[in-house]
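Single-structure report; data block below.
The values are calculated or read from the model by the stated rules, or taken from the named source; none is laboratory data. Predicted, not measured: the structure shown is a model, and the values here were computed from it. We place every Cβ from the backbone using ideal geometry, glycine too, and count neighbours over all the protein chains shown.
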Amino acid sequence: MSTPSNWFAPTIITQDSTDSPPYIPWQGITGNLEFPLTTSQDLIHIANSGGPGPAMTDIRQKTTCLYLTGFNLLNVPGTVNGIELTLDIQRNGRIADSEVFLCHNGNQIGASQVNYSADIEDHLLYFNVNDYGGDGNAWGVTLTPELLQDPTFGVSLRFQSHPFYPHRCGCRLYGIALRYFYA
């Protein structure tokens, strides 16, 4: 069993406004991180519009990708065994994960930690506080002290409309924290 570090919060936030097709942006992203973050408009899910056949569409909107960096991880020990992320978000029961990655130098790295846990009736289980990764989970990345201490190291997040039920609602991100596990 590894030892967990303290929790660290990001200090810098950016969003990728060059995404194509255009996604729903977040309001007030200025580089300085101030919570809560709110989508600029509701995300919608229109299921099977246009009737059956070639005209049938399934529209699911996504947010722009958020890059949260500047965790100020200092004096990271030589053997890092895992990364854990905790997310405090108001999903309004209708916003699902689309991408949950580590990032470095503005690029997503490793394996996405999106979790599509469902109940017996295939309803997604999303709560307002979600944890990703943990002890022994390196997110598909070789975790070195140099990587974690780099100020461009962090997490990237993208959210999307609920995959099953038509709706219109936004989401609000209240906080995020990261810690690492070491031997």
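Checking each residue in the range 75-96 for being over 17 Å from Thr39 (Cβ atoms) and either touching a strand residue (DSSP E or B) at 6+ places or on another chain (Cβ under 9 Å) or in a strand (DSSP E or B) (or both) picks out Val76, Pro77, Gly78, Thr79, Val80, Asn81, Gly82, Ile83, Glu84, Leu85, Thr86. Please verify whether Glu99 is modelled with pLDDT under 95 and out of contact with any strand residue (DSSP E or B) (no Cβ under 6 Å at 6 or more places or on another chain), treating the condition exactly as stated. No; evaluated as a whole, the condition is false for this residue. The set of residues in the range 69-120 being surrounded by fewer than 17 Cβ atoms within 10 Å (Cβ to Cβ), among the hydrophobic types (A, V, I, L, M, F, W, C) and farther than 22 Å from Gly136 by Cβ consists of Leu74, Ala118, Ile120.
Within the range 129-176, restricting attention to residues that are at pLDDT 95 or above and of a type in the set (A, V, I, L, M), which residue is nearest to Val80 (Cα to Cα)? Top of the filtered list is Leu143. For the range 68-92, a residue qualifies if it is over 13 Å from Leu173 (Cβ atoms) and touching a Cys at 6+ places or on another chain (Cβ under 8 Å), and exactly one does: Thr69.
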